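Have a look at the structure below, then the notes.
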Amino acid sequence: MNTILDAIIAALANKRAIPYLGPGMLSLVVEKTVPATAVELAEQLAAKTTLPFKIRKNLTAAAQYIENFKHRKTLVAMMKEVFAHKTEPAPLHRHLATLQLPLIVDAWYDGTMATALARSEGWGMLQGVSRAEHYDQWVQTYLPDGTQCDVAQAEKWRTVLYQPIGSAWPASNFIVSDSDYVEVLTEIDIQSPIPALVQALRKDRGFLFLGCHFDNQLTRSYARQIMKRSSDGPHWAVLPGELTRNEERFLQEQNITRLDMDLNAFFDAVTETLPVAA
């Protein structure tokens, strides 16, 4: 078997790998009801209101324009509408949910991983929130039923689902506009926006990037800072096909080993070797 794949499977089995899920995970679902890229999401927002032509494919700029000229509540309402329909998890989502991993990072707004975890016990969500709506907070904490709770409860969970840019469910938290990202990235180098529990759980573990591309600066910045002060590796990214020069540079810089494999093939290989946890 592929030695890289062997290492990933061993790390998952030993709970030493942290899945970091990007919007590309939605390529696995049978019926995709929500946008699976930033460009798709920007285009759906553009279809709901008039935007300058040059920003219709630029998500953060489109969101900022709506926030500036239509109000933040309008932006949130539009995002909520776009992600209103829950997506049925793919088998890979469900398999990850059975592994009882201490930490899973979900870096898209759809909430599909939370739906996959719904059948499990002992888990909950830590979600990034916009400072435009929560002036003195970086994160809010939710139980599986969507009830907000104190972060102290999260320390008892078997699995923490960390959603750094928010999620449509349960409270329509979205870090999406230029100003949202400016607020976070101004502080993220000193790690203030990243929950202390996440910082503790990432220690001595590697990250496994699934459905992630690193072809824009925001994606790379977030991944870099969430990985910060974790183990020195190994880290992995399941990334098929051609990569951009920036992606190649980022993988090398962050000591991320690439597995050139389709996500469906990756799922087949993992489930063939790694049984579902009891």
Response to the item:
Across (1) closer than 16 Å to Val105 by Cα; (2) surrounded by 16 or more Cβ atoms within 10 Å (Cβ to Cβ); (3) modelled with pLDDT under 95; (4) not hydroxyl-bearing (Ser, Thr, Tyr), Pro234 clears everything bar (1)
Worksheet item: Given the conditions (1) part of a helix (DSSP H, G or I); (2) modelled with pLDDT under 95; (3) surrounded by fewer than 16 Cβ atoms within 10 Å (Cβ to Cβ), which single one is not true for Gln252?
Response: (2)
Worksheet entry | Leading residue by the ranking (modelled with the lowest pLDDT) among those in region 17-39 that are surrounded by fewer than 17 Cβ atoms within 10 Å (Cβ to Cβ) and in contact with a Lys or Arg (Cβ under 9 Å, 6 or more places away or on another chain) | Thr33
Worksheet entry | Pairs, first under 16 Å from Pro144 (Cα atoms) in region 168-184, second part of a loop (DSSP other than H, G, I, E, B) and modelled with pLDDT of 95 or more, C-beta under 6 Å, six or more apart | Ala168/Phe83; Ala168/Tyr109; Ala168/Gly111; Trp169/Gly111; Pro170/Gly146; Asn173/Val129
Worksheet item: Out of (1) surrounded by fewer than 17 Cβ atoms within 10 Å (Cβ to Cβ); (2) touching a Phe, Trp or Tyr at 6+ places or on another chain (Cβ under 7 Å); (3) not hydroxyl-bearing (Ser, Thr, Tyr), what's the single condition that is false for Gly128?
Response: (1)
Discussion item. Just checking, does region 52-69 include any residue being charged (D, E, K, R), closer than 28 Å to Val198 by Cβ and not assigned by TED's automatic domain parsing to the domain that holds Met227?
Written reply: yes
Fill in: Residue in region 142-154 that is polar (S, T, N, Q), assigned by TED's automatic domain parsing to the domain that holds Val105 and surrounded by 15 or more Cβ atoms within 10 Å (Cβ to Cβ) present
no
Discussion item. If I ask for residues that are over 17 Å from Ala154 (Cα atoms) and either not β-branched (Val, Ile, Thr) or not in a helix (DSSP H, G or I) (or both), which ones from region 100-123 would you list?
Written reply: Ala107, Trp108, Tyr109, Asp110, Gly111, Met113, Ala116, Arg119
Practice prompt. Could you tell me which of the residues Leu197, Leu208 is in a helix (DSSP H, G or I), crowded, with 19+ Cβ neighbours inside 10 Å and modelled with pLDDT of 95 or more?
Written response: Leu197
Worksheet item: If you take the residues of region 41-99 that are part of a helix (DSSP H, G or I) and of a type in the set (Val, Ile, Thr), which of them is surrounded by the fewest Cβ atoms within 10 Å (Cβ to Cβ)?
Response: Thr74
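The rows are residues; the columns are (1) acidic (Asp, Glu); (2) out of contact with any helix residue (DSSP H, G or I) (no Cβ under 9 Å at 6 or more places or on another chain); (3) modelled with pLDDT under 95.
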| residue | (1), (2), (3) |
| --- | --- |
| Ala107 | no, no, no |
| Asp110 | yes, no, no |
| Met113 | no, no, no |
| Leu126 | no, no, no |
| Val129 | no, yes, no |
| His134 | no, yes, yes |
| Thr141 | no, no, no |
| Cys149 | no, yes, no |
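The values are calculated or read from the model by the stated rules, or taken from the named source; none is laboratory data. Because the structure is predicted, anything quoted here is derived from the model rather than measured. Methodologically, a virtual Cβ is constructed for each residue, glycine included, from the backbone with ideal geometry; neighbour enumeration extends over all protein chains shown.
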